[in-house]
Amino acid sequence: MSGRRGSLEVDMFLALRELAFARTRFGLMGAVVALISVLTVLLSGLASGLVVDGVSGLLRSPVQAMAFEEGTKTDSAFTRSEVTAVQRDAWQGQADVADAELLGTAIVNAKNDDGTPLDLTLFGVEPQGFVMPAAAEGRAVTAEGEALLSVSAKDEGVEVGDVVTLDRLGTQLTVVGFTEDQRTFGHVDIAFVPLRTWQEVHAGLTPGETADPEVYDVGSVVALRGVDGAPDLAAGDAAAGTSARSIEAAFDSSPGYTAELMTMQLIQIFLYGISALVVGAFFTLWTVQRTRELAVMRAIGASTRFLLTDGVLQAAVLLVGSVAVGTGIGAGLGAMLEGTQMPFVLQGQPVLTGALLLVGLGLAGAAVATGRISSVDPVTALGENR
């Protein structure tokens with residue numbers, strides 16, 4: 001064991017010595033890896049920000065599953081689906097369902113008191129139901145024509161007491177409060193309104209217009225919460241004639257969610273691949289330039305394993321140091337971007353995962369590149385190939 005430890009110490013000494021000797025080359029390579037790390041952190045924050053900005057209204061709700069109209073396509077299913085109170089009652093009758101409520105969704109254009117245009121997503125919910133969030137500022141919704149808005153709507157100049165008028169219909173909503181945290185859907189601030197108000201908007205009724213009783217019998221989906229964990233969706237679908245999905249699966253039904261997330265993931269995958277190729281190419285050239293030195297070391301008795309370990313240790317020191325510096329810079333830049341108009345949220349786990357992937361893939365590229373050490377001929381040190 002002591003012999004192996006001594007060999008590793010020698011490897012580390014030689015690796016650090018060569019890093020110091022060729023510090024300009026390794027410094028440039030380290031700068032490239034650090035810049036890739038910065039970009040990885042920023043992309044991670046942007047991807048997380050897009051998720052929060054796209055589905056925070058669902059992400060931060062107590063809903064465990066959503067039951068859509070049977071046969072509704074996944075893309076933008078919230079705006080295409082329509083379920084009834086009968087289907088809600090069928091779900092409520094399931095033994096493992098604690099709460100089942102109709103939830104209505106609609107993206108609308110509106111104007112504030114001063115004529116400022118607003119984009120809102122109406123969430124029609126039962127005022128005393130489990131889906132309605134608490135008011136952190138102002139008060140809860142208690143009557144028709146009132147709205148509880150996402151706190152992010154304050155950035156648009158909306159205040160408690162303002163009257164928001166929906167375009168085309170002229171329906172007026174009085175802002176009575178704001179949620180504690182951001183609640184958005186499809187990158188649009190949510191306005192939680194009574195289900196009856198949403199049903200009238202959904203039916204296209206203008207203020208004062210008489211509605212048929214059937215208008216108050218529909219919603220976009222049935223919001224579900226289980227007794228002990230998520231309910232049995234297959235059994236509930238069979239009883240209600242719906243197509244239920246877990247809340248995480250329902251994210252895909254938010255407008256543009258899947259396309260945005262897949263785009264960011266594809267960019268990140270290419271970035272990891274580029275990182276591995278760049279590190280591998282660098283160490284390939286570095287190994288070629290050191291061929292004669294490596295041959296000399298082989299000639300005086302150095303094993304292939306010793307030389308391979310030396311090369312991989314160089315890559316490890318370079319990658320760990322560069323990724324740490326780049327991640328730190330990226331986190332600093334990300335902290336400045338949070339709270340701006342850009343949908344950016346730094347989360348520890350995605351950042352750490354990205355950093356580990358950069359180091360791991362970089363080491364894989366370096367290991368492949370330094371593998372050519374095993375083919376170095378000690379006779380080269382004697383000048384045979386001159």
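Bear in mind that the values in this text are calculations on the coordinates, not laboratory data. Keep in mind it's a predicted model, so treat the numbers as computed, not measured. Cβ placement follows ideal geometry from the backbone for every residue including glycine, while neighbour counts extend to all protein chains displayed.
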Debye, to nearest 20: dipole size of the chain, +1 on Lys, Arg Cβ, -1 on Asp, Glu Cβ: 3220
The chain, helix-only ellipticity at 222 nm - DSSP H runs n ≥ 4, -39,500 (n - 2.57), divided by all residues, nearest 500: -16500 deg cm²/dmol
Cα→Cβ-extended label distance, 7 Å offset, between A281 and V317, nm: 2.5
Residue-by-residue Karplus 3J(HN,Hα) for segment 44-52, coefficients 6.51, -1.76, 1.60, Hz, glycine and proline x: 4, x, 5, 4, 5, x, 5, 5, 4
For segment 175-187, 3J(HN,Hα) per residue [Karplus equation, 6.51 cos²θ - 1.76 cosθ + 1.60, θ = phi - 60°, Hz, x = Gly/Pro]: 6, 9, x, 10, 6, 6, 10, 5, 10, 10, 8, x, 6
Given charges at beta-carbon only (K, R positive; D, E negative), |dipole| of segment 245-334 in Debye: 480
Full-extension gain in nm, Q347 to R139, via 0.36 nm per residue minus C-alpha separation: 71.8 nm
Projected-area mean, segment 76-253, by convex hull of Cα positions, square nanometres: 10.1
Percent antiparallel among DSSP beta bridges (both partners in segment 76-253, rounded to 5): 75
Distance (nanometres) between label positions extended 7 Å along Cα→Cβ at T24 and A331: 3.4
Where labels lie 7 Å past Cα in the beta-carbon direction, separation of D155 and D114 in nm: 1.8
Packing-based order for 162-168, 122-128, using average beta carbon neighbours within 10 Å, highest first: 122-128, 162-168
HN-Hα J in Hz across segment 224-241 - Karplus 6.51, -1.76, 1.60, θ = phi - 60°, x for Gly and Pro: 10, 9, x, 6, 9, x, 5, x, 6, 5, 5, 5, x, 4, 5, 7, 9, x
FRET efficiency, 1/(1 + (r/R0)^6) with R0 30 Å, evaluated for L59 and Q172 via beta carbons: 0.50
Positive-end extreme of charge dipole, the chain - chosen from G161, V188, V52 (charges on Cβ): V52
